[in-house]
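One structure below.
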Amino acid sequence: MQHNVCIIGAGSSGIVACKILQEQGINFDCYEKGSGIGGNWRYNNDNGMSSAYRSLHINTSKGMMAYADYPMPAHYPQYPHHSQILAYFEDYVNHFGFRERIIFNTAVADVTQETNGTYTITTDKGETKTYTAVIVANGHHWNPRYPEPAFAGEFEGQTMHAHDYKTPDVLENKNVLVVGIGNSALDIACEASRLNTGKVFISTRRGAHIFPKYIFGVPFDMLGKVNMPFMPFWIRRSLLAANLWVARGKQASYGVPLPKHPLLAEHPSISQDFLSLAGHGKISVKPNISALAGKYVAFEDGSQEAIDLIIYATGYKISFPFFKPDFINNAYVEESNEFPLYKRVINTQHENLFFIGLCQPLGAIMPLAELQSKWIASLLAGEVALPSKTYMERHIAQEQQQIAKRYNHSKRHTIQVDFIAYQKEIQQEMKQMRTGKQSAW
C-alpha cells in the first residue's frame, strides 16, 4: 500500500518524523501553525505555543538530546541555550533537505476518519486533503494547567503561568511566589533571586528531590544510574541516593526539606543553582497555599507573606484541539491528562493514527521520537506488524498499573517512561513483530 501521511507539527518530534519518512520513501505533508520549525524551542514562536523563556537552557545534556545520526556541534556547551538548540534543528532540516515538505502558517483544524479508514484533514484556511495515516506531533507543553481546584480567596497582585514568562523584567522590585517545584519553577525562582530585589518564595505541595546537572563533573544524565534496566529498581534508587549525597550532601541543609516520597517517584527536578541560592537565603521554600488574601498569600504551615506576583509553574494539559469529541474526547484528555497508547505511540481505536513525543522520559524526548518514527515508518512500509488489539489493550492496562505503583498520583506522571528501558521496548517491538505476525486490525 502506498501511504500518504499527514504530520501535525514541526517541532522536535515532527521534524524527525519528516526525516525518517523521507528516508523510507513514504509520501507526507507536515503542517506547522507557525512560520518556522522548532516548536517549543523557538523563543517567541509566532504559533503561540512555545513556553521557552529568554534564559532557557536545556536540562538534559547535548549528548542525550541529539538525534542518533546528527550530533550537536562539538563547540556547544553540555547544556546549550535554546537559541543553539533551534539552530541545531534548523541545520538538521537543511542537512536532510525536507523543508519544502513543511506547510508553514497552516494549522490543522480538524481530523476526521472516513468509513474506508482514510483521514480527511481540514486546515484553518478551510482546505481539505485525504491521507492514509496521521502522525500527531503537536507537543504537550503548550496548554497551561492551573491548580485544581483553584485556591480559596482572591489575590490583588499580578498572576501569570510559566508558559507566559519570557523575560525577568516582570520580576524586578517584586516579592515573587513561584507555585510548583518542577524544572521551570526552579529556573524562574533562581532567575528572580539573582535580581536582588524583593523576596522570592517557592510553594510546593509535596516537595521534590533536587538533582544537580553535574555529578563528579559529569552531566547527571550521562551517568546512567537511573537508566540501567538490567539492575533491580531498588539498586538503581540506592545508587542514585549515594551519588546525590556525595554531590551535594543533605538537601535539608540548604533549607529545602526532603519530600516524603522516595527518589524516582516523581519526575526529576533539575537545577545546578537552586540549592545554593536557597542555602544563601535568596529563595525560601513554602508548603502548599491555603488561601489567597488580597495582597497576601497564606500557607498551610500558618505563615503569611506579602506577594506582588504569583507565577504558576503547574504544568500543562495534553490537548488535541483538532479532534471531534466523538473521535477522541479532547475535553476528557485535558481534564484527566490520561491518554492511553500502546508503547506511547499506537491508538488502538483508530488504524494508522500515531502519536510521537507524547511521553515524559527520564532523559530527552528527541531520541525517543526518532525511534518512534522509525517504528511507524516500518509499520507503514509493511516491514513490521502490530500485535493483536486485545494484546495491546492488555499491555496498556498493565503499563498504567505500573505507573500508578511507582509514581505519586499526579497528572504530571500519566505519560512517564524510563529513557533507556523505553528505547529497548521499541527496539524489541520492531525486532519481534516482523511482517507475518498477527495484525491488530
From the options 364, 331, residue that is assigned by TED's automatic domain parsing to the domain that holds residue 20, within 27 Å of residue 182 (Cβ to Cβ) and outside any loop (DSSP other than H, G, I, E, B):
331
Would you confirm whether any residue within region 86-98 is among the β-branched types (Val, Ile, Thr) and either free of Cβ contacts under 8 Å to residues at least 60 places away in the same chain or in contact with a strand residue (DSSP E or B) (Cβ under 7 Å, 6 or more places away or on another chain) (or both)?
no
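This table checks each residue for (1) of a type in the set (A, V, I, L, M, F, W, C); (2) under 30 Å from residue 2 (Cα atoms); (3) surrounded by 22 or more Cβ atoms within 10 Å (Cβ to Cβ); (4) in contact (Cβ under 8 Å) with a residue 60 or more places away in the chain.
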| position | (1), (2), (3), (4) |
| --- | --- |
| 334 | no, no, no, yes |
| 368 | yes, yes, yes, no |
| 385 | yes, yes, no, no |
| 397 | yes, no, no, no |
| 405 | no, no, no, no |
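Being surrounded by fewer than 18 Cβ atoms within 10 Å (Cβ to Cβ), under 20 Å from residue 345 (Cα atoms) and among the polar types (S, T, N, Q) narrows it down to one residue among 120, 112; which is it? Show your work before the answer.
Details: 120 fails: under 20 Å from residue 345 (Cα atoms).
From the options 120, 112, the qualifying one is 112.
Conditions tested, residue by residue: (1) on the phi < 0 side of the Ramachandran plot; (2) out of contact with any Asp or Glu (no Cβ under 6 Å at 6 or more places or on another chain); (3) exposed (fewer than 15 other Cβ atoms within 10 Å of the Cβ).
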| position | (1), (2), (3) |
| --- | --- |
| 157 | yes, no, no |
| 163 | yes, yes, no |
| 203 | yes, yes, no |
| 212 | yes, yes, no |
| 216 | no, yes, yes |
Among the residues in region 254-271, are any within 30 Å of residue 238 (Cβ to Cβ), aromatic (Phe, Trp, Tyr) and more than 26 Å from the chain's Cα centre (by Cα)?
yes
Can you tell me which condition residue 278 does not meet? The list is (1) surrounded by 15 or more Cβ atoms within 10 Å (Cβ to Cβ); (2) in contact with a strand residue (DSSP E or B) (Cβ under 7 Å, 6 or more places away or on another chain); (3) over 30 Å from residue 124 (Cα atoms); (4) in contact (Cβ under 8 Å) with a residue 40 or more places away in the chain, and all the others hold.
(4)
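For region 205-222, indicate whether the set of residues that are of a type in the set (Asp, Glu), within 24 Å of the chain's Cα centre (by Cα) and farther than 23 Å from residue 62 by Cβ is non-empty. Explain how you work it out, then say what you get.
Looking only at region 205-222, we keep the residues that are of a type in the set (Asp, Glu), and these are 221.
Then drop every residue that is not within 24 Å of the chain's Cα centre (by Cα), which leaves 221.
Imposing the further condition that a residue be farther than 23 Å from residue 62 by Cβ reduces the set to none.
Scanning region 205-222 turns up no residue that is of a type in the set (Asp, Glu), within 24 Å of the chain's Cα centre (by Cα) and farther than 23 Å from residue 62 by Cβ.
The values are calculated or read from the model by the stated rules, or taken from the named source; none is laboratory data. Note that the structure is predicted; figures quoted are calculated from it, not measured. So basically every Cβ, Gly included, is an ideal-geometry build from the backbone, and we count neighbours across all protein chains shown.
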